[in-house]
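The values are calculated or read from the model by the stated rules, or taken from the named source; none is laboratory data. Remember, predicted model here, so these are calculated numbers, not experimental data. Positions of Cβ are generated from backbone atoms using ideal geometry, with glycine treated the same way; all protein chains shown enter the neighbour counts.
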Amino acid sequence: MCGIAGIIGLNHQGFHGASAIAAMATAMRHRGPDDEGYIITQQSQQPVGVLYGNETASTNDIPDAYRPTDSITTKNNQLADAFFAHRRLSIVDLHGTGHQPMSDSSGRYWIVYNGEVYNYGELADSLRAEGVTLYSNCDTEVVLHAYLRWGEQALQMFNGMFAFAIWDNEAKTVFFARDRIGIKPLFYTINDNKFIFASDIKTIIASGYYHADLDIQGLYHAMSYGAAPRPMTTFKNVKSLEAGHWLKLTPATGQYTIQQYWDIPINQVDNSLSEAQAVALLDEALHESIKYRLHSDVPVGTFMSGGIDSTTVSAIAAEHHPHIKAFTLGYSGKQAEAFNELEQAKATASMYDIDHIISIVEPESVLNYIDETVASYEEPFFSLSPNYIISKLVADNNVKVVLNGLGGDELFAGYQTFHIAKYHRFLKLLYPLLKCAKMAYPRLERTMDLKAMRGVGDLHGALMNNMSSFQKNKLFNVGSVQGLCSLETIRDLYIPQDKTFGSHIEAMCYMYVKNYIGNHHTYRVDQFTMAFSIEGRFPFLDHNFVELAFKIPARLKMQGHVGKYILRQLAQKYIHPSCLKMSKKGFDLPMDYWIHNTLHDFVHDKLSSLSNRDLFNGKFIHKVAKNYQRKLTDDYTLWQLVGVELWLEKFIDTN
């Protein structure tokens with residue numbers, strides 16, 4: 001896993017970009033502290049300039065085709081048409097042969113790549129069988145040559161997580177692609193005849209060519225779902241390349257094409273599957289996924305919370321990788337008891353050859369890292385997270401790769417919202433009653449988007465709505481948001497009119513993966529782990545496993561009041577019974593207690609600052625705060641407002 005960035009001049013406009021691309025590389029150093037590299041290109045047929053930086057590793061074993069010959073610092077006055085940068089986190093093939101930017105032997109094609117393609121060994125064999133000579137043992141070279149051999153179809157062959165750009169120095173085009181689920185990020189903006197891209201938005205800002213400003217509609221929708229629905233972001237004119245898409249740019253004309261190459265499969269359910277058959281299929285697929293994700297030339301560990309998903313991943317990983325390190329946070333203090341899963345994690349760890357590393361922390365220790373958390377979230381979020389602390393714990397133990405249990409709940413109906421969704425035929429009928437009741441119970445205001453529901457595809461948007469359009473239209477003082485509805489927006493983005501679902505369970509799983517995992521979860525895990533130069537890997541999000549999960553009948557995902565039924569049947573083979581009996585807790589924190597106590601004054605100050613901004617209705621903000629004190633509104637709604645203020649201060653006011 002690494003960091004990639006680039007600045008590409010459009011419409012034949014050259015520019016002096018060496019200092020800007022170096023600044024971008026510095027901004028993403030945490031993504032790749034092990035190596036640094038650059039290329040600069042001209043619209044003419046001149047060879048690409050290959051450059052090193054202050055932290056470029058030894059160039060002795062870098063192949064001649066892409067060995068740096070000069071320093072980026074010597075090119076500040078050079079006019080060029082494109083600049084690319086790479087920061088490397090060395091995971092596989094730790095030698096200089098894995099240096100980037102990397103080229104083919106002709107010097108025509110160049111790649112900057114972030115991610116892991118786990119089946120690169122098999123693909124390398126296929127390439128060699130077709131006469132391709134490979135010089136390294138890393139997946140970067142395989143990705144480059146696979147694209148040169150098979151074009152866009154190569155993306156169908158990759159099993160992994162990735163975001164990359166390939167420069168064709170003869171045709172003067174750039175090909176970008178992102179993995180199917182959206183685990184590896186790729187953002188871009190067009191400004192002043194420059195196409196600027198990077199692994200995160202902070203790096204785009206660091207270029208100096210883009211000055212951060214807020215996107216009203218992106219912010220509006222992010223306040224419902226924790227992140228703006230992609231391709232939107234909360235930053236004006238900054239977009240995300242969507243998961244499962246590629247983009248081809250022709251700089252000479254400034255034109256680009258975006259195309260989807262994969263989508264979550266629906267209407268593929270195999271209703272003939274028995275419970276035993278489904279368990280066997282999932283068991284085999286999960287083992288295969290975990291084995292792939294254990295491949296590394298550096299130490300590998302796991303996040304192990306004590307819940308079903310992460311303990312199952314840790315247990316299977318331990319079977320294939322004895323003495324693997326598993327990391328668990330335990331919380332001290334009475335207020336944290338509701339979030340503690342330490343005993344369950346210990347119980348499963350004792351069943352295997354696991355080096356169980358436990359850190360007992362005061363929940364308040366998270367408060368020491370609010371600024372870092374806001375920076376890592378990068379867009380406003382409705383809560384704080386222990387992700388920063390556990391990522392730091394992993395880094396402190398010299399582990400560079402960590403497996404994560406994300407995906408079990410979303411693929412197998414593990415959330416409470418799936419139980420509510422069973423009554424979807426009646427939800428919209430409840431709207432008139434809820435509309436009247438919200439006067440006495442303001443918490444019900446978040447359900448007001450039920451009015452906009454058209455079918456089962458809208459269930460996720462209605463039930464996962466942190467703030468309804470009814471609330472946000474009161475919050476914002478700008479006319480441009482009036483009439484917007486976030487539920488309708490994600491429907492338009494992700495559910496075209498010809499898309500139908502086989503059941504409400506399938507619809508919910510589809511949207512959870514699309515709008516919750518792809519837009520929020522993988523984005524934030526990437527930000528937090530990479531802040532400590534750690535690569536996060538997700539066995540449940542292997543695309544083969546995802547495709548299999550969408551073949552499992554709804555009756556095996558939810559039975560009665562038991563969600564995630566089939567995954568539980570699989571997990572009981574591997575984890576302690578206490579993990580299965582434990583009520584769902586989630587990776588959460590005692591926000592309500594903090595807001596009433598430790599953070600009381602902090603919250604008051606941030607809400608006051610937000611109220612003084614012309615963009616927002618201070619009276620509505622005051623009403624939300626008052627309702628919270630009366631226990632008529634939840635901490636998510638209140639902290640969402642605090643989170644917006646913190647984000648504005650961090651990213652917008654300073655720019």
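Please go through the stretch 540-578 and give me each residue that is aromatic (F, W, Y) and outside any helix (DSSP H, G or I), ordered by number.
F550, Y574
Looking only at strands (runs of 3 or more DSSP E) that lie completely in the stretch 47-140, which have at least 1 residues being under 30 Å from the mean Cα position of the chain (by Cα), β-branched (V, I, T) and under 26 Å from A23 (Cβ atoms)?
Qualifying strands (runs of 3 or more DSSP E): 109-117.
Table: residues versus (1) buried (at least 22 other Cβ atoms within 10 Å of the Cβ); (2) under 14 Å from G37 (Cα atoms).
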| site | (1), (2) |
| --- | --- |
| T59 | no, yes |
| I72 | yes, yes |
| L79 | no, no |
| F83 | yes, yes |
| T97 | no, yes |
| P101 | yes, yes |
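Checked against (1) under 23 Å from Y210 (Cα atoms); (2) in a helix (DSSP H, G or I), I40 passes all but condition (2).
With the checklist (1) among the aliphatic types (A, V, I, L, M); (2) more than 18 Å from L241 (Cα to Cα); (3) in contact (Cβ under 8 Å) with a residue 24 or more places away in the chain; (4) buried (at least 23 other Cβ atoms within 10 Å of the Cβ) in hand, flag the one item M161 doesn't pass. The single condition M161 does not satisfy is (2).
Quick check: is even one residue across the stretch 608-622 touching an Asp or Glu at 6+ places or on another chain (Cβ under 6 Å) and either of a type in the set (S, T, Y) or closer than 19 Å to F476 by Cα (or both)? Scanning the stretch 608-622 turns up at least one residue that is touching an Asp or Glu at 6+ places or on another chain (Cβ under 6 Å) and either of a type in the set (S, T, Y) or closer than 19 Å to F476 by Cα (or both). Scan the stretch 334-355 for residues that are more than 19 Å from N387 (Cα to Cα) and part of a loop (DSSP other than H, G, I, E, B) and the total you get is 4. Considering G307, G333, the condition of being on the phi > 0 side of the Ramachandran plot and either loosely packed, with under 15 Cβ neighbours inside 10 Å or modelled with pLDDT under 95 (or both) is satisfied by G333 alone. Between R149, R180, the distinction of being modelled with pLDDT of 95 or more and either within 28 Å of the chain's Cα centre (by Cα) or assigned to a loop (DSSP other than H, G, I, E, B) (or both) belongs to R180 only. Kindly establish whether D81 is closer than 25 Å to D297 by Cα and among the acidic types (D, E). In short, no.
Rundown of residues vs (1) hydrophobic (A, V, I, L, M, F, W, C); (2) buried (at least 23 other Cβ atoms within 10 Å of the Cβ), yes/no style:
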| site | (1), (2) |
| --- | --- |
| H521 | no, yes |
| R524 | no, no |
| D542 | no, yes |
| L548 | yes, no |
| H561 | no, no |
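Of the set (1) free of Cβ contacts under 8 Å to residues at least 40 places away in the same chain; (2) assigned by TED's automatic domain parsing to the domain that holds P380; (3) among the basic types (K, R), all apply to K514 but (1). On the basis of being in the same structural domain as H320 (by TED's automatic domain parsing) and either modelled with pLDDT under 95 or out of contact with any strand residue (DSSP E or B) (no Cβ under 7 Å at 6 or more places or on another chain) (or both), does Y494 make the cut? When the stated conditions are applied, Y494 does not pass them. Determine whether F501 is farther than 30 Å from K623 by Cβ, outside any helix (DSSP H, G or I) and of a type outside the set (D, E). Judged against the criteria, F501 is a match.
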